[in-house]
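The structure appears right after this line, and notes come after that.
The values are calculated or read from the model by the stated rules, or taken from the named source; none is laboratory data. If you're wondering where the values come from, they're calculated on a predicted model, not measured in any experiment. Quick reminder, even Gly has a Cβ in these numbers, built from the backbone with ideal geometry, and neighbours come from all protein chains shown. Just the protein is used for accessible areas: all its heavy atoms, side chains included, with ligands, DNA and RNA removed. Shrake-Rupley method; radii C 1.70, N 1.55, O 1.52, S 1.80 Å.
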Amino acid sequence: MPRRDLPSPQEALRILTAKRTRPPRRPPPPLGRALNRTLKELDAKFGQGSGALEARWREVVGAEIAKRTEPVKLTRGRNGGPSSLEIRVAGPAAALIQHQAHEILARVNLFLGADAVQKLRIVQGPLQHKYEPAAKPRRRLPPLDAAAEAGLKSDLAAAPDGKLKTALLALGRGVLRRGRALD
């Protein structure tokens, strides 16, 4: 083989600029993004699990039943057997819930899909989650009449303008709306 001379610096620069190099190595995508596709496929294949049911239990069964119950476990039947849902019931409400079992199963199957659950297993015990009742809407007090508003402003006329005067006006309006007299 004939001996080859090394290229000059100009030739080396020309060769290096013309030659394609490998792209830099990219890091793998985050694990959550990589698992998303797999999880969506599994969810489509096997349906929603007890996690989705637990998260929306109050919406599925209603506020009254949700106060007394919580889902514990969703068990799929073996070899096509019936699936069962285990719910925990607070104390003596078990008899009431037993009478509503058919309605609860219908609502759960509406959420999870047709015939997702065939049996309901009721277990008595203390509830882990406490559902707080929805807050009642606050009753709005009627506005002050013009005479009371004018009297309040005349009482505070000597106070310097600013945040303190604004706060005192708001406080005075609140007290007068509730029917209490100022001293």
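Assorted remarks:
- For LEU35, the criteria (1) surrounded by 10 or more Cβ atoms within 10 Å (Cβ to Cβ); (2) among the hydrophobic types (A, V, I, L, M, F, W, C); (3) modelled with pLDDT of 85 or more hold in every case but one, which is (3).
- The condition of being assigned to a helix (DSSP H, G or I) and modelled with pLDDT of 85 or more holds for GLU11.
- LEU96 open to solvent by less than 80 Å² (accessible area, probe 1.4 Å) and more than 28 Å from the chain's Cα centre (by Cα): no
- Test: residue in the range 136-158 that is within 30 Å of ARG68 (Cβ to Cβ) and in contact with a Ser or Thr (Cβ under 7 Å, 6 or more places away or on another chain): no
- Residues being part of a helix (DSSP H, G or I) and either open to solvent by 70 Å² or more (accessible area, probe 1.4 Å) or in contact (Cβ under 8 Å) with a residue 60 or more places away in the chain (or both) - total across the range 145-172: 9
- The range 93-105 residues that are within 15 Å of TRP57 (Cα to Cα), paired with ones that are outside any helix (DSSP H, G or I) and among the polar types (S, T, N, Q) (beta carbon under 9 Å, 6 or more apart): ILE97/THR69; ILE104/THR69; LEU105/GLN118
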